[in-house]
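**Q** Sharing a structure with you now.
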Amino acid sequence: MKVLIQRVKEASVTIENELYSSINAGILALVGIEKGDTLEQVQKAAKKITGLRIFPDENGKMNRSLIDICGEMLIVSQFTLCGDCKKGTRPSFDKSAEPQIANELYEKFIEEVSSYGIKTAHGRFAAMMDVALINDGPVTFMIEM
């Protein structure tokens, strides 16, 4: 499981030219589910990301979590995070989980994040989406479980 997180001032998903979901300050999480990923990994990732101290305190140091700031999270399925670009010029997606399993774990990730009291929004699994954000920092981390 790979989750690319970005600290944002706001973010949104548009599908077929219509606003689908949006958040205010918080985290945009791009989620890639790989073959063999488990519910346990999803739970660990949700706990890690919601508690990760990447937001500034009163002294400007990264010392507050998403929970601490009552931030929001926009969660977007991103199977291309599982792409392997080591050989040739076309990525291989052999490591990506089958769509049904990936969707189930993606939905579980949304549920897990919500269980921490985080207001969540999300994209639509397997849809072509326009993702817009105002990056805060920029602050970006790759979380691998």
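**Q** To the nearest 10 degrees, how steep is helix 99-114 against the longest Cα principal axis of the chain, on a 0 to 90 scale?
**A** The angle comes out at about 10 degrees.
**Q** Could you please report the charge total around Leu39, scoring K, R as +1 and D, E as -1 over all other residues with beta-carbon less than 13 angstrom from its beta-carbon?
**A** Spelling it out: positives minus negatives among the neighbours equals -3.
**Q** Here is a follow-up. What angle do you read, to the nearest 10 degrees and between 0 and 90, between the alpha-carbon axis of helix 39-51 and the longest principal axis of the chain?
**A** The angle comes out at about 30 degrees.
**Q** Right, something else. Could you tell me which residue out of Met1, Ser114, Tyr20 lies farthest along the dipole of the chain toward its positive end? Charges go on the beta carbon: Lys and Arg +1, Asp and Glu -1, centred on the Cα centre.
**A** Met1
**Q** Also, I was wondering about something else. To the nearest whole percent, what portion of all C-alpha pairs in the stretch 68-140 is separated by more than 16 angstrom?
**A** That tail contains 62 percent of the Cα-Cα pairs.
**Q** Right, another one. So which lysines pass the test for Lys9, namely a Cα distance under 23 Å, with those fewer than 8 places away in the same chain ruled out?
**A** Result set, ordered by chain and number: Lys47, Lys48, Lys61, Lys119.
**Q** How many angstrom lie between the Cα centre of the stretch 5-59 and the Cα centre of the stretch 60-128?
**A** 6 Å
**Q** Sorted by packing (mean other beta-carbon atoms within 10 Å per residue), highest first, where do 62-70, 20-28, 85-93 land?
**A** 20-28, 62-70, 85-93
**Q** For the chain, calculate the relative contact order in percent as a whole number, restricting contacts to Cα pairs under 8 Å that are 6 or more residues apart.
**A** Relative contact order, the chain: 39 percent.
**Q** What share of all Cα pairs of the stretch 1-58, in percent, falls into each consecutive 10 Å distance bin?
**A** Pair shares across the bins are 19, 42, 31, 8, 0.
**Q** Moving on. I need the Debye-formula profile for the chain: one equal scatterer per C-alpha, no solvent, reported as log10 I(q)/I(0) at q = 0.14, 0.18, 0.20 1/Å, two decimals.
**A** -0.64, -1.03, -1.23
**Q** Right, another one. From the Cα gyration tensor of the stretch 104-145, with a ≥ b ≥ c the square roots of its eigenvalues, which class applies: rounded if a/c is under 1.5, or else prolate if a/b is larger than b/c, or else oblate?
**A** Taking the square roots of the gyration eigenvalues as a ≥ b ≥ c, the stretch 104-145 is oblate.
**Q** Per residue of the stretch 7-16, in order, report the coupling 6.51 cos²θ - 1.76 cosθ + 1.60 (Karplus, θ = phi - 60°) as ³J(HN,Hα) in whole Hz, putting x for Gly and Pro.
**A** Running phi through 6.51 cos²θ - 1.76 cosθ + 1.60 with θ = phi - 60° gives 6, 10, 7, 6, 7, 8, 10, 10, 10, 6 Hz.
Quick note: the coordinates plus some simple rules give every number you see, no bench work behind them. What you see is a predicted model, and the numbers here were worked out from it, not measured in a lab. Glycine also receives a Cβ, built like all others from the backbone with ideal geometry; neighbour counts cover every protein chain displayed.
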